[in-house]
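Asker: First the structure, then my questions, so here it is.
The values are calculated or read from the model by the stated rules, or taken from the named source; none is laboratory data. Keep in mind that this is a model prediction, so the values were computed, not measured. Note that we place each Cβ from the backbone using ideal geometry, even for glycine, and neighbour counts take in every protein chain shown.
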Amino acid sequence: MKKYVAECIGTAVLVVLGCGTAMLVGCDAANGAGYLLTALAFGLVIVGMAYSIGNISGCHINPAVSLGVLMTGGMPVSEFIGYVISQCIGAFAGAGLLALIFGVGGVEDKTGGFGSNGLAGVSGNPVAGLLVEAVLTFVFVFAILGVTSKKAGHGSFGGLVIGLTLTLVHILGIGLTGTSVNPARSFGPALVAAFTGNTEPITALWVFVVGPLVGAALAAVVYKYLED
């Protein structure tokens, strides 16, 4: 149960600080600083959480990461299900907290949807969105599996490497899909946006569930083949 609580808290923090930064600074193509600040926010959250809850739950805070760990033999199916449920609850709670903060404070949400993901950067094409998310998630999960492998020997630097990799994939992905690589991170903001009357993010949500899970599965298969 402590692992599930840790995953819930970690995912909530990821949404609050990552999506919250995007909401505050904006991620339009003309705002390069907003791109970098948002990318850094997501990456630094991973670094902070890795050293906070990594020793408790492994700091997956992402169903795609949990799928990669499951497929490489790092966790049983029952635990995987518990992780995913906890992550989705945490993401929803984090997005709800953002709605409260921005609503009470009267702060403009510059993303228009609580930092939710969308297909505007790929001209609304779901196939392109799936490809972007699958590729970015492959890179991210592939790096995680390598860093956390018992053969790696990265020691205490693992969390930093993972956080920097997430920053890297955000730098490319923000302008295309907003960068999900995390179904829970997409689920929370999209659901809260729907509750507030903006249903556009929820209609495209399937792309940000399927794409990352496919990318994570491919990363697990390839990594396991290379490592064995």
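Asker: Residues of segment 20-58 being touching a Phe, Trp or Tyr at 6+ places or on another chain (Cβ under 9 Å), of a type in the set (A, V, I, L, M) and not in a helix (DSSP H, G or I), which ones?
Answerer: The answer is Ala29, and nothing else.
Asker: Let me ask something else about it. Just to be sure I understand the filter: pairs with C-beta atoms under 7 Å, separated by 6 or more residues or on different chains, first member in segment 87-116 and closer than 18 Å to Pro183 by Cα, second member assigned to a loop (DSSP other than H, G, I, E, B) and among the polar types (S, T, N, Q). Which pairs pass?
Answerer: From residues that are closer than 18 Å to Pro183 by Cα, the pairs are Gln87/Asn62; Gly113/Asn198.
Asker: Working only within segment 26-78, note down all residues that are of a type in the set (Val, Ile, Thr), out of contact with any Lys or Arg (no Cβ under 7 Å at 6 or more places or on another chain) and farther than 15 Å from Gly158 by Cβ. Even if it seems obvious, please write down each step before you answer.
Answerer: Of segment 26-78, the ones of a type in the set (Val, Ile, Thr) are 38, 45-47, 53, 56, 61, 65, 69, 72, 77.
Next cut, out of contact with any Lys or Arg (no Cβ under 7 Å at 6 or more places or on another chain) only: 38, 45-47, 53, 61, 65, 69, 77.
Selection gives Thr38, Val45, Val77.
Asker: Can you go through Gly68, Gly58, Gly18 and tell me which one is buried (at least 24 other Cβ atoms within 10 Å of the Cβ) and either over 16 Å from Lys110 (Cβ atoms) or modelled with pLDDT under 95 (or both)?
Answerer: One residue alone meets the criteria, Gly68.
Asker: Hey, any hits in segment 216-224 for a residue that's assigned to a helix (DSSP H, G or I), at pLDDT below 95 and either closer than 21 Å to Ser86 by Cα or basic (Lys, Arg) (or both)?
Answerer: yes
Asker: Considering every residue within segment 175-182, establish whether at least one is under 22 Å from Gly96 (Cα atoms) and of a type outside the set (S, T, N, Q).
Answerer: The answer is yes, given that some residue of segment 175-182 is under 22 Å from Gly96 (Cα atoms) and of a type outside the set (S, T, N, Q).
Asker: Hand me the list of helices (runs of 4 or more DSSP H) wholly inside segment 59-158 holding 3 or more residues that are among the β-branched types (Val, Ile, Thr).
Answerer: 77-105, 126-148
Asker: Now for a separate question. Would you point out which residue out of Leu136, Leu166 is surrounded by 24 or more Cβ atoms within 10 Å (Cβ to Cβ), within 18 Å of Tyr51 (Cα to Cα) and modelled with pLDDT of 95 or more? Steps first, answer last, please.
Answerer: Working: Leu136 fails: within 18 Å of Tyr51 (Cα to Cα).
One residue alone meets the criteria, Leu166.
Asker: Let me ask you something else. If you go through segment 174-212, how many residues are out of contact with any Phe, Trp or Tyr (no Cβ under 9 Å at 6 or more places or on another chain) and buried (at least 24 other Cβ atoms within 10 Å of the Cβ)?
Answerer: 2
Okay, residues lined up against (1) within 22 Å of Thr199 (Cα to Cα); (2) among the aliphatic types (A, V, I, L, M); (3) modelled with pLDDT under 95:
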position: Cys88; (1), (2), (3): yes, no, no
position: Gly103; (1), (2), (3): yes, no, yes
position: Glu108; (1), (2), (3): yes, no, yes
position: Phe142; (1), (2), (3): no, no, no
position: Thr148; (1), (2), (3): no, no, yes
